[in-house]
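One structure below.
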Amino acid sequence: METDTKLRKFGRVCEIVDKYDRNPSKLIPILQEVQKEYRYLPEEVMTYVATCLDMSPARVYGVASFYANFALEPKGKYVVHICDGTACHVKGSGAIKEALYKKLKLSGDKPTTDDLMFTVEAVSCLGACGLAPVMTVNEKVHGQMTAESAEALIDDILAEEADNA
Amino acid sequence: MENKQTIIINGREVPFNGQKNLLEIIRSANIEMPTFCYHSELSVYGACRLCIVDIEGMGVVTSCSTAPKAGMVVRTHTDKLRKMRKIYMELLLANHHQSCTTCAKSSMCKLQDLAARMDVKEVRFQKTGCEKALDTSSPSLIRDPNKCILCGDCVRACDEIQGIGAIDFANRGASTTVVPAFEKDIKSVDCVYCGLCASVCPTGAIMPRPETEAVWDILHDETKTVVVQIAPAVRVAIGEMFGLEPGTISTGKMVAALKMLGFDKVFDTSFAADLTVLEETNEFLKRKEKNEKLPLFTSCCPAWVKYVEQSFSDILPHVSSCRSPQQMFGSVARETLPKTLDVKPEDLHIVSIMPCTAKKFEAKRPEFMKNDQPDVDAVITTQELGRMIKQAGIQFNQLTSESFDMPLGFKTGAGIIFGTTGGVSEAVLRYASEKLTGQKPDPDDIARVRAKDGLRVHTVKIGEAELKLAIVHGLKNICEIAEQVRDGQCDYDFIEVMACPGGCVTGAGQPVSHDDTAKELRARGLYNKDKDLQLHNSDDNPYLHRCYQQHLGDIGGHKAHELLHTKYSSRKRFDDVEFLISEEHHQERLGVNVCVGTSCYLRGSQKLLEDVMKHVKKQDLHEQVEVRATFCFETCDHGPTVRVGETVMKKATVETICEEMNRQLQVLV
Ligand code: SF4
Ligand code: SF4
Ligand code: FES
Ligand code: FES
């Protein structure tokens with residue numbers, strides 16, 4: 001149940017800071033583990049972590065915003081990465097990205113849907129150039145995509161979600 | 001002399017002795033090295049690279065981060081070094097918003113100064129990044145990130161001297177900025193408005209918020225009577241705006257200039273400082289007699305007051321209830337001047353000239369307003385006054401001295417030395433000692449009080465009584481003592497706190513000085529002024545006693561309390577951060593908000609929160625109850641704080657919370 005998830009997440013944050021003895025020099029591993037729980041680093045949670053570690057929230061934010069691996073905005077349940085490395089780019093990954101942006105009403109500045117279902121991001125080489133153009137959905141690799149097959153993939157997910165609801 | 005060590009700088013032998021880095025030695029040899037990120041009082045950062053030197057066998061290194069070794073052969077201004085520096089300057093300038101003609105820092109700006117010195121005539125690089133928004137949220141400071149050159153001086157000053165860390169670097173690469181947490185505006189975080197960041201900033205990226213336009217408007221309104229008060233530290237620094245040495249006492253010229261600007265009466269905040277001495281000393285002696293709520297902390301520094309409200313509210317009862325001299329002046333002027341000057345209360349305007357940015361914030365505190373009218377209408381800094389004098393075309397240096405108006409312009413030397421660290425303590429000692437023993441305090445004690453260390457502790461004897469004093473400047477130095485007081489582990493009697501390193505003379509509103517000796521010279525100016533005056537004990541101020549007789553009644557009495565004292569309370573460090581632990585906001589559910597702000601956290605609110613969550617789970621109350629964590633209800637001194645529905649519970653325990661929850665749930669059913 002949803003409530004349980006939230007309770008559990010906050011409980012985990014408490015466990016994580018305790019596990020690292022509230023040691024400010026362990027900020028990065030702490031943030032990594034916290035991010036696993038929330039899929040991003042919510043402002044309130046960073047403020048709480050700062051309080052626990054007796055650090056200034058400005059410093060915690062500074063660290064979190066420095067590393068590309070930390071997400072400061074909520075991410076969707078499905079994170080779609082479209083490869084924009086050279087091979088994929090040449091084979092038309094741009095069109096796939098535009099198609100998904102259009103379908104989900106997203107853009108480079110607004111990568112996540114309001115219902116927090118999808119995040120679409122262009123990334124550099126996913127290391128699967130043989131399958132270009134490539135996209136991943138929650139790390140699962142889909143190769144030789146076209147705008148149409150990418151849209152179909154999204155439709156499948158939406159259908160599945162609708163079934164579960 | 002046998003272990004006298006030397007290095008060779010530009011072919012000449014230079015001795016050194018204890019300097020931490022090459023830069024200091026080079027400067028000691030009268031060679032000016034350009035620097036942006038070096039401050040002798042802060043840690044070494046080594047980012048601007050302007051201080052590069054060429055050392056034989058080592059090549060080009062930054063002198064600020066290189067330790068001296070005897071025999072080093074150093075060159076500071078070779079052709080190569082000059083060219084490299086010029087390129088660094090151009091790179092800095094490329095990303096800097098070059099709006100010098102409209103920048104308030106112009107003529108005091110280090111970037112401008114060094115660019116001219118290095119003879120930078122063009123900038124060959126393209127600007128990267130786009131325009132960033134100004135932060136005008138605070139009453140004290142304006143941040144313009146477009147002018148920031150990322151030297152980090154402000155970040156280190158706030159962290160290392162004030163121990164706050166309200167601003168820090170964020171993001172990376174071309175998007176790097178210096179910002180408050182989560183890129184909020186400065187008003188929403190725990191900044192205390194001391195302005196230290198603005199004083200160390202080499203550019204106009206952080207500046208005191210100007211109020212000169214408001215003051216011009218007031219002055220141009222013919223129907224108003226405008227009076228002005230001047231803080232002690234202003235008179236020893238205003239001259240610097242006109243090329244005079246730091247510490248030059250310019251009181252008379254300043255009074256003349258203010259009259260020329262159109263102020264009707266010119267008064268002295270030092271009068272109110274004398275008033276503070278009487279009120280605060282009596283408050284202190286009463287506490288000492290009853291041995292309660294000791295130590296007593298001074299309350300004249302608004303940055304310190306904000307700090308203690310947001311970070312140590314448990315010790316608020318230890319903070320003197322006295323208003324600061326600025327605010328004492330404000331309330332006494334509002335009370336007495338309409339009659340003395342024969343003006344309608346609503347036609348009286350009160351302006352302050354302060355060395356300080358936090359005073360701007362203080363004047364706007366609701367405690368110091370009556371029916372929406374602030375006691376002090378506008379606060380301008382020494383810098384702003386200098387600019388107004390220039391705008392009016394007044395030839396400051398040519399002016400003939402004029403004197404303050406009476407009665408609120410009369411002071412003793414005790415009211416003057418308030419402007420430097422140790423000054424408040426010394427003023428209190430002078431009064432207390434004469435009051436209790438009829439003797440002046442021991443000169444040795446005074447010498448120790450006048451020392452300059454960031455924290456000095458000293459026991460003085462007054463007659464039979466022993467008093468343990470602590471004098472602190474720089475808020476980082478107060479942290480440990482504040483913790484001891486909170487834990488009941490501190491046996492001091494009296495603690496003077498000023499946020500600015502050196503006291504008000506170095507305030508962020510003072511003229512910008514790149515000269516390390518300026519604060520020393522300004523402090524000396526105040527002590528010299530004290531010597532020049534006839535009286536040195538606040539109690540000898542005849543106008544003060546007349547003021548008590550005519551308006552205030554007894555020292556510490558009823559009327560005095562109403563006008564000269566105040567009450568402070570807990571304040572949150574961050575604006576509205578709340579997070580749900582249960583699901584999305586459900587208005588109809590009973591909200592249980594547990595405070596996890598710093599103070600409550602230290603009192604065990606994490607455990608409390610976990611226990612409440614367990615209880616909710618065990619009793620299966622998810623459908624009725626929504627658990628939230630909140631940062632600070634501003635009742636930190638009675639934490640842990642929990643709000644159940646509309647009921648705020650102080651010193652909450654899991655038992656009392658569950659009881660209250662059940663009670664309210666039953667009512668709901
Ligand atoms: S005004 Fe003081 S507390 Fe605020 S950011 Fe600047 S140095 Fe820090
Ligand atoms: S705001 Fe000023 S002091 Fe701070 S990093 Fe930027 S230029 Fe340096
Ligand atoms: S002063 Fe040495 S690198 Fe900036
Ligand atoms: S920290 Fe301020 S009320 Fe809890």
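Here the range B:484-502 is the region considered, the condition is being assigned to a loop (DSSP other than H, G, I, E, B) and more than 15 Å from ligand 1 (Cβ to nearest atom), and the residue that is nearest to the other protein chains (Cβ to nearest Cβ) is B:D487. Taken across the range B:280-295, residues that are within 23 Å of B:Q162 (Cα to Cα) and not aliphatic (A, V, I, L, M) do occur, with at least one present.
The combined condition, being under 23 Å from B:V14 (Cβ atoms), basic (K, R) and within 16 Å of ligand 2 (Cβ to nearest atom), is not fulfilled by B:R117.
When the strands (runs of 3 or more DSSP E) confined to the range B:58-170 are screened for residues that are within 14 Å of chain A (Cβ to nearest Cβ), those reaching at least 1 such residues are found at B:141-143, B:167-170. When B:T248, B:T203, B:T212, B:T225 are screened for being among the β-branched types (V, I, T), more than 16 Å from ligand 2 (Cβ to nearest atom) and under 22 Å from the mean Cα position of the chain (by Cα), only B:T212 passes. The residue list B:K339, B:K360, B:K364 contains one member that is of a type outside the set (A, V, I, L, M, F, W, C), out of contact with any helix residue (DSSP H, G or I) (no Cβ under 7 Å at 6 or more places or on another chain) and more than 26 Å from B:G386 (Cα to Cα), which is B:K339. All conditions but one from (1) touching a residue at least 24 places away in the same chain (Cβ under 8 Å); (2) farther than 23 Å from A:K36 by Cβ apply to A:E161; the one that does not is (2). Summed over the range B:177-187, the residues that are under 20 Å from the mean Cα position of the chain (by Cα) and surrounded by fewer than 19 Cβ atoms within 10 Å (Cβ to Cβ) give a count of 2. If you take the residues of the range B:286-313 that are of a type in the set (A, V, I, L, M) and within 16 Å of ligand 1 (Cβ to nearest atom), which of them is farthest from the chain's Cα centre (by Cα)? Of everything passing the filter in the range B:286-313, B:V308 is farthest from the chain's Cα centre (by Cα). Counting the residues of the range B:27-42 that are in contact with a helix residue (DSSP H, G or I) (Cβ under 6 Å, 6 or more places away or on another chain) and either more than 12 Å from ligand 2 (Cβ to nearest atom) or within 25 Å of B:G71 (Cβ to Cβ) (or both) gives 3.
Can you say whether B:A115 is surrounded by fewer than 20 Cβ atoms within 10 Å (Cβ to Cβ), out of contact with any strand residue (DSSP E or B) (no Cβ under 9 Å at 6 or more places or on another chain) and modelled with pLDDT under 90, as far as the supplied structure shows?
no
Any idea which residue in the range A:19-70 is nearest to B:D185 (Cα to Cα), counting only those that are part of a loop (DSSP other than H, G, I, E, B) and facing chain B (nearest Cβ under 9 Å)? By that ranking, first place goes to A:S56.
When you go through B:F396, B:F368 one by one, which is the residue that is under 25 Å from the mean Cα position of the chain (by Cα), crowded, with 18+ Cβ neighbours inside 10 Å and not small (G, A, S)? Before the answer, list the steps.
Details: B:F396 fails: under 25 Å from the mean Cα position of the chain (by Cα).
After ruling out the rest, the residue left standing is B:F368.
Taking B:G195 as meeting all but one of (1) more than 14 Å from ligand 1 (Cβ to nearest atom); (2) touching a helix residue (DSSP H, G or I) at 6+ places or on another chain (Cβ under 8 Å), write down the number of the exception. Failing condition for B:G195: (1).
Could you check how many residues of the range B:180-227 are within 16 Å of ligand 4 (Cβ to nearest atom) and part of a loop (DSSP other than H, G, I, E, B)? Residues that pass the stated criteria total 2. Assuming B:E41 fulfils every condition listed in (1) within 16 Å of ligand 1 (Cβ to nearest atom); (2) touching a Gly at 6+ places or on another chain (Cβ under 8 Å); (3) not hydroxyl-bearing (S, T, Y) apart from one, which condition is it? Status for B:E41: all satisfied but (2).
For the range B:14-56, name all the residues that are over 18 Å from B:M89 (Cα atoms) and either within 16 Å of ligand 4 (Cβ to nearest atom) or among the polar types (S, T, N, Q) (or both). Selection gives B:N17, B:Q19, B:N21, B:S28, B:N30, B:S40, B:S43.
Here is a check on your reading of the model: is A:Y61 outside the structural domain of A:Q144 (by TED's automatic domain parsing), among the aromatic types (F, W, Y) and at pLDDT 90 or above? Spell out how you get there, then give the answer.
Working: outside the structural domain of A:Q144 (by TED's automatic domain parsing): yes; among the aromatic types (F, W, Y): yes; at pLDDT 90 or above: yes.
It is true that A:Y61 is outside the structural domain of A:Q144 (by TED's automatic domain parsing), among the aromatic types (F, W, Y) and at pLDDT 90 or above.
Going residue by residue through the range B:520-528, is there one that turns out to be more than 17 Å from the chain's Cα centre (by Cα) and over 27 Å from B:S107 (Cβ atoms)? Yes.
Which is among the acidic types (D, E), away from chain A (no Cβ under 14 Å), in contact with a Pro (Cβ under 7 Å, 6 or more places away or on another chain) and away from ligand 1 (no atom under 16 Å from the Cβ), of B:E240, B:E283?
Working: B:E283 fails: in contact with a Pro (Cβ under 7 Å, 6 or more places away or on another chain).
From the options B:E240, B:E283, the qualifying one is B:E240.
The strands (runs of 3 or more DSSP E) found wholly in the range A:118-165 and carrying at least 1 residues that are modelled with pLDDT of 85 or more and of a type in the set (D, E) occupy A:118-123. In the set (1) surrounded by fewer than 14 Cβ atoms within 10 Å (Cβ to Cβ); (2) part of a loop (DSSP other than H, G, I, E, B), A:K102 fails one condition alone, (2).
Within the group B:G59, B:G71, which residue is more than 29 Å from the chain's Cα centre (by Cα) and either within 16 Å of ligand 4 (Cβ to nearest atom) or free of Cβ contacts under 8 Å to residues at least 24 places away in the same chain (or both)?
Working: B:G71 fails: either within 16 Å of ligand 4 (Cβ to nearest atom) or free of Cβ contacts under 8 Å to residues at least 24 places away in the same chain (or both).
Answer to the selection: B:G59.
Scanning the range B:172-209 for residues that are more than 19 Å from B:I161 (Cβ to Cβ), more than 10 Å from every other protein chain (Cβ to nearest Cβ), away from ligand 3 (no atom under 16 Å from the Cβ) and polar (S, T, N, Q) turns up just one, B:S188.
The values are calculated or read from the model by the stated rules, or taken from the named source; none is laboratory data. Quantities reported herein were computed from a predicted structural model and do not represent experimental measurements. Note that each Cβ is placed from the backbone with ideal geometry, even for glycine, and that neighbours are counted across all protein chains shown.
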